[in-house]
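Working notes for the structure below.
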Amino acid sequence: MQLFLDSADPAEIATVRAWSVLDGITTNPALIAKKGGDMTRTLRAVLDAAPGSVLCQAIGWDDPAPLIRQARWLRAQSPRIVVKLPMSRAGIQALIALKAEDRAMPLAITMVCSVAQAYLCGKMGADIVALFNGPLDQVLDQPVDLVRPVREVFRHYGFQTKILSCGRQPRSFGDFAAAGTDICTLRYEFFSLLYEHPFTDKRAAGFAQDWQGSFGAQVWPGA
């Protein structure tokens, strides 16, 4: 499973990239808007900081024409950009038109909240289906339940579409991995939590206390 950071902040991206586990970046209109300033400059800064693919969303909902124009422009900015289109009639129409122009253009459909929507994305050739697990976590006890049937539908029909899930806590991250999610994206604060567990911290502190009681500041000799 690939690990993506959900961010438009180059400093955050650089920090997580230094941990050597980051595969790519997801952005959305809210994250870009939060940065303010020149949106093109923000996108360029994200691309410069990112280690791999950058998912960037075309703005709009109900008209395929501007979605198509934005997708062409975004793709022209970098071959690492994966254009996100909205889950709507217009978004699927834009997907079909863009794939007819260039089958190799990587496209994702975002805000997918049901198996039926995910099926349409797979059938129409989306490269990635971005499940709205994060917001769904507010109304469902187990947002991972959406991943399993989507994975089964894609397997059954031979769809090559990858599943992207949005994680908000280490437990959901593990559940998404077990269910077969291809990409998990997390905001910075949740990414940091993957390394943490109270029992790990407690045991590490105990080991340190026992060692220092006998050997003080000594450690094993270096090579």
**Asked** Which residue pairs have Cβ atoms under 6 Å apart, sit 6 or more places apart or on different chains, and have a first residue in segment 1-17 that is surrounded by fewer than 21 Cβ atoms within 10 Å (Cβ to Cβ) and a second that is assigned to a helix (DSSP H, G or I)?
**Response** Met1/Ala177; Pro10/Ala45; Pro10/Ala49; Glu12/Tyr188; Ala14/Ala49
**Request:** May I ask you to list the residues in segment 18-51 that are without any contact (Cβ under 8 Å) to a residue 40 or more places away in the chain and either of a type in the set (Phe, Trp, Tyr) or over 19 Å from Gln77 (Cβ atoms) (or both)?
**Result:** Ala18, Trp19, Ser20, Val21, Leu22, Ala30, Lys34, Gly36
**Message:** Taking the condition of being hydrophobic (A, V, I, L, M, F, W, C) and assigned to a helix (DSSP H, G or I), how many residues in segment 63-121 meet it?
**Reply:** 20
**Prompt:** Within the group Val21, Val54, which residue is in contact with a strand residue (DSSP E or B) (Cβ under 6 Å, 6 or more places away or on another chain) and assigned to a strand (DSSP E or B)?
**Reply:** Val54
**Request:** With the condition kept exactly as written, say whether any residue in segment 18-27 is of a type outside the set (Val, Ile, Thr), surrounded by fewer than 21 Cβ atoms within 10 Å (Cβ to Cβ) and either at pLDDT below 95 or over 23 Å from Phe190 (Cα atoms) (or both).
**Result:** no
**Request:** Taking Ser88 as the residue in question, decide whether it is under 19 Å from Gly125 (Cβ atoms), surrounded by fewer than 20 Cβ atoms within 10 Å (Cβ to Cβ) and in contact (Cβ under 8 Å) with a residue 24 or more places away in the chain.
**Result:** yes
**Fill in**
Here the residues within segment 184-213 that are loosely packed, with under 11 Cβ neighbours inside 10 Å, over 30 Å from Thr110 (Cα atoms) and either at pLDDT 95 or above or of a type outside the set (Ser, Thr, Tyr) (or both) are Pro198, Phe199, Asp201, Lys202, Ala204, Ala205, Gly206, Phe207, Ala208, Gln209, Asp210, Gly213
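The values are calculated or read from the model by the stated rules, or taken from the named source; none is laboratory data. What you see is a predicted model, and the numbers here were worked out from it, not measured in a lab. Cβ coordinates were reconstructed from backbone atoms using ideal geometry, including for glycine residues, and neighbour counts include every protein chain displayed.
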